[in-house]
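Values quoted throughout were computed directly from the atomic coordinates according to the rules given, and no laboratory measurement underlies them. Here the structure is a predicted model, which means the values were calculated and not measured. So basically every Cβ, Gly included, is an ideal-geometry build from the backbone, and we count neighbours across all protein chains shown.
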Amino acid sequence: MFEATFFYSLAALVLGFGVMVITARNTVHSVLFLVANFLCVALLFLGLGAEFLAIIQVLVYAGGIVVLYLFVVMLVSLKGVPEGQGSPRRRAQLGFLMSAAVLAEISAILVYSARHPGNVPAAPAALQGGNTETVGMLLYTNYLVPFEVASMLLLVAMIGAILLAKKEI
Amino acid sequence: MLETYVVPLLKIAVLLNAVLVSVTYMVLLERKVIAWVQVRLGPMRVGPYGTLQPIADAIKLLLKEDITPARADRWVFTLAPIVSMVPALIAFAVIPFDREARIFGYRVPLYIADVNIGLLYILSITSISVYGIILAGYASNSKFPLLAGLRASAQLISYEVAVTIMLVSMVATAGTLSMVGIVDAQYRSGLWYAFVQPVAFVTLFIGGLAETNRAPFDLPEAEQELTGGFHTEYSGMRFALFFLAEYANMIVVSAVATTLFMGGWLRPFPNVGALSVLDFVPGWIWFLGKTFVFLYVFIWIRATLPRYRYDQLMRLGWKVLIPLGIANLVVTAIVKVLL
Amino acid sequence: MVPITPSHYLVLSAALFMIGVIGVMIRRNIIVVFMSIELMLNAVNINLAAFSQQWQNAVGQVFAVFVIAVAAAEAAVGLAILLAFYRNKDTLNVDEMNSMKW
């Protein structure tokens with residue numbers, strides 16, 4: 001009972017904030033709704049038992065990436081930017097058509113898989129000590145190479161971002 | 001029923017009241033200590049030796065006129081002080097004041113929640129409080145606060161990286177992320193972690209100074225530099241909320257430093273049996289005493305040191321503290337593997 | 001009440017993904033387009049976490065951490081390119097970002 005109310009209210013908040021992100025007039029309001037969306041998604045992760053992922057979502061996504069967006073919005077709005085409206089109607093119709101098609105596909109997949117449940121692969125035993133230790137052990141033993149590649153990617157992205165955004169080299 | 005709902009609510013009520021009263025009295029403490037350092041007396045008129053001064057301040061701020069700048073974003077203008085204050089308050093949820101105490105015959109643990117990712121929780125809450133400053137600078141619809149807000153938040157997120165790396169080496173030493181677990185690890189090892197990891201201790205304190213916009217890193221709110229910084233256009237209770245948020249952040253940083261480095265609620269030399277005569281002092285008194293020492297050092301540093309320039313500040317954060325943190329982490333890892 | 005199965009989370013993530021797609025299609029401001037891409041990545045993360053809970057295997061969460069890392073890198077580089085572009089062309093409208101040389 002508690003789980004159902006928790007899930008449905010969070011789902012409503014996530015989708016509501018998502019709609020506000022794409023429909024707000026002011027860009028700063030869009031960014032604020034995005035932060036609220038990310039915080040609600042972090043709560044959803046907590047409900048799923050992924051506590052490390054929830055904290056990383058708040059720390060990195062809501063506390064780092066969206067701050068970067070806010071910085072860029074502020075730096076751009078220093079000169080004042082009006083947003084021109086193209087032809088929103090045709091694009092909106094195309095968008096709704098595409099999304100209805102994909103939603104129908106996904107619902108078909110869900111209904112099909114509910115009727116034909118497949119084999120459950122054997123899950124490896126969870127390590128003692130909880131979620132963070134399990135994720136950490138997996139990251140550093142089985143998935144060490146993707147971990148190192150991801151850190152190289154972040155290093156290259158950092159250097160590239162500094163280089164691209166500098167005023168003069 | 002009683003234990004899952006009523007006791008935590010009572011604890012939250014008591015803790016919030018205690019925090020809000022102590023941040024108002026921290027204003028008085030700061031003014032008095034800085035005055036004594038400068039060989040003068042500080043507030044003396046209101047109440048005996050000025051002890052009712054915070055109440056006078058609160059009444060003045062509540063009764064001030066509520067000014068909003070023209071063409072400012074009303075929602076964001078009101079939201080910014082709230083976004084500053086709320087993370088400072090909810091970070092107290094994982095701070096352990098004592099393992100347990102007997103109140104009216106019940107054994108009550110003196111912390112609101114012991115999540116097994118307590119330290120990461122505090123870190124993520126600190127990174128949310130950056131938004132208050134950026135939004136305050138933006139919502140004032142004026143050039144000075146906007147630039148000041150951007151500079152202040154750039155400072156905050158730079159020092160966040162240094163603090164995070166230091167906290168990782170602390171987690172490696174203690175072996176757990178939960179705050180109660182870290183104090184237990186200090187009890188088992190018999191030494192406060194300030195002696196095991198002195199570099200991390202000093203660096204975390206410096207990072208905490210920068211995170212809370214305190215001197216000597218208080219350029220964003222220095223009046224001589226940016227006409228008041230990001231809270232230029234704020235007056236009355238909203239301005240008060242910014243300052244209370246800063247003091248509450250100071251208390252959070254002091255409490256975290258106490259838990260991580262000074263043994264939390266443990267008495268000095270917790271494993272030495274000869275000193276167990278000191279055990280009549282309950283653990284939370286030790287905790288509050290140590291936190292008070294840290295707060296005093298915060299105020300002492302403010303009264304003594306001059307302000308950093310902004311580029312010196314950023315250089316310190318990126319070029320000194322982060323390499324030091326990584327070196328500390330590597331040395332900690334090597335020592336943990338070898339021993 | 002129906003117990004909350006991972007299928008509920010899948011429908012939620014599909015809806016959030018669709019909101020992101022609509023955002024990319026109908027908004028002209030490029031920063032809002034970037035934010036809709038972040039919405040889509042979040043939807044994928046919800047999916048991964050739901051499956052991770054269903055199979056009781058933490059690999060889904062490991063993958064989600066990698067998705068967050070890649071999203072961070074992409075946001076940084078994308079916004080840097082946007083800033084450089086804005087300095088030269090003084091517009092944020094995607095319809096006007098259509099020339100390869102000027």
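Projecting the Cα positions of B:247, B:206, B:86 onto the charge dipole of region B:67-338 (unit charges on Cβ atoms of Lys, Arg, Asp and Glu, taken about the Cα centre) puts B:206 furthest along the positive direction. With the simple spin-label model, which puts each label point 7 Å out from Cα in the Cβ direction, the residue B:60 to residue A:144 separation comes to 6.3 nm. Dipole orientation for the protein assembly as shown: of the candidates C:100, A:109, C:37, C:100 has the Cα lying most toward the positive pole (charges on Cβ; Lys, Arg +1; Asp, Glu -1).
Using the Cβ-Cβ distance between residue B:6 and residue B:285 with R0 set to 25 Å, the FRET efficiency from 1/(1 + (r/R0)^6) comes to roughly 0.45.
Can you pull out the trypsin sites (Lys or Arg not before Pro) in region B:155-256 that DSSP calls coil and that have at most 10 other Cβ atoms within 10 Å? For trypsin sites (Lys or Arg not before Pro) across region B:155-256 that sit outside H, G, I, E and B with at most 10 neighbouring Cβ atoms in 10 Å, the list is empty.
Judged by the gyration tensor of its Cα atoms, with axes a ≥ b ≥ c, region B:1-97 is oblate; a/c meets the 1.5 cut and b/c is at least as large as a/b. Calculation over all alpha carbon pairs of region A:1-78 in 5 angstrom steps from 0 returns a P(r) of 3, 16, 22, 22, 17, 10, 6, 2, 1, 0 percent. Straight-line cross-link reach from residue B:60 at under 27 Å between alpha-carbon atoms covers these lysines, not counting any fewer than eight positions away in the same chain: B:32. Mean sequence separation of contacting Cα pairs (under 8 Å, at least six apart), scaled by the length of chain B, corresponds to a relative contact order of 22 percent. Applying the Karplus relation 6.51 cos²θ - 1.76 cosθ + 1.60 with θ = phi - 60° to region B:329-335 yields 3J(HN,Hα) values of 5, 5, 5, 4, 5, 5, 5 Hz, where x marks Gly and Pro. When the chymotrypsin sites (Phe, Trp or Tyr not before Pro) in region B:171-225 are filtered for DSSP coil states and for at most 10 other beta-carbon atoms within 10 Å of their beta-carbon, no site remains. Sequence-ordered 3J(HN,Hα) estimates for region B:59-69 from the Karplus curve with 6.51, -1.76 and 1.60 and θ = phi - 60° stand at 5, 4, 5, 5, 8, 6, 6, 8, 9, 10, x Hz, glycine and proline given as x.
Given +1 at the Cβ of Lys and Arg, -1 at the Cβ of Asp and Glu and no other charges, the dipole of the protein assembly as shown around its Cα centre is 960 debye to the nearest 20. Toward the positive end of the charge dipole of region B:67-338, with +1 on the Cβ of Lys and Arg and -1 on the Cβ of Asp and Glu, the farthest Cα among B:268, B:291, B:338 is that of B:338. Going by the alpha-carbon gyration tensor, a ≥ b ≥ c the square roots of its eigenvalues, is region B:67-338 rounded (a/c under 1.5) or, if a/c is not under 1.5, prolate (a/b greater than b/c) versus oblate? Note, shape of region B:67-338 comes out prolate. On the basis of the beta-carbon distance and an R0 of 30 Å, residue B:337 and residue A:154 show a calculated FRET efficiency of 0.70. In chain B the longest region clear of GluC sites (Glu not before Pro) that are loop-assigned by DSSP and have at most 14 other C-beta atoms within 10 Å covers B:101-339. Just to confirm a number: summing +1 for Lys and Arg and -1 for Asp and Glu over residues other than residue B:167 whose beta-carbon lies under 14 angstrom from that of residue B:167, what do you get? With Lys, Arg at +1 and Asp, Glu at -1, the net is -2. Which of B:132, B:118, B:105 moves the most in a Gaussian network model of chain B with Cα springs under 10 Å? Taking springs between Cα atoms under 10 Å, the residue moving most is B:105. One Cα centroid belongs to region B:278-304, the other to region C:12-51; the line between them spans 48 Å. For residue A:2 and residue B:311, what does the FRET efficiency come to when R0 = 60 Å and r is the distance between their Cβ atoms, rounded to the nearest 0.05? Rounded to the nearest 0.05, the efficiency is 0.70.
In this structure, the amide hydrogen of residue B:101, modeled 1.01 Å from its nitrogen in the peptide plane, lies closer than 5 angstrom to those of B:108, B:110, counting only residues at least 5 positions away or on a different chain. Each residue, residue B:108 and residue B:13, gets one label point 7 Å from its Cα in the Cβ direction; the gap between the two is 1.1 nm.
Report the normalised scattering of the protein assembly as shown as log10 I(q)/I(0) at q = 0.09, 0.13 Å⁻¹, calculated by the Debye formula with identical scatterers on the alpha carbons. Rounded to two decimals, the profile gives -0.80, -1.63. Pairs from the table (A:167/B:319; A:166/B:319; B:319/C:89) lying more than 25 angstrom apart at Cα are B:319/C:89. In straight Cα distance, which lysines are under 28 Å from residue B:11, not counting same-chain residues fewer than 8 positions off? Leaving aside lysines fewer than 8 places away in the same chain, those within reach of residue B:11 are B:290. Which of the trypsin sites (Lys or Arg not before Pro) found in region B:64-96 are in a DSSP loop and have at most 15 neighbouring Cβ atoms, other than their own, within 10 Å? Qualifying residues, ordered by number: B:64, B:71. The simple spin-label model puts a point 7 Å past each Cα toward its Cβ; for residue B:70 and residue A:101 those points are separated by 5.3 nm. The 3J(HN,Hα) values that the Karplus relation (6.51, -1.76, 1.60; θ = phi - 60°) gives for region B:88-104 are, in residue order, 5, 7, 7, 5, 6, 5, 10, 7, x, 8, 6, 5, 7, 9, 9, 10, 6 Hz. Gly and Pro appear as x.
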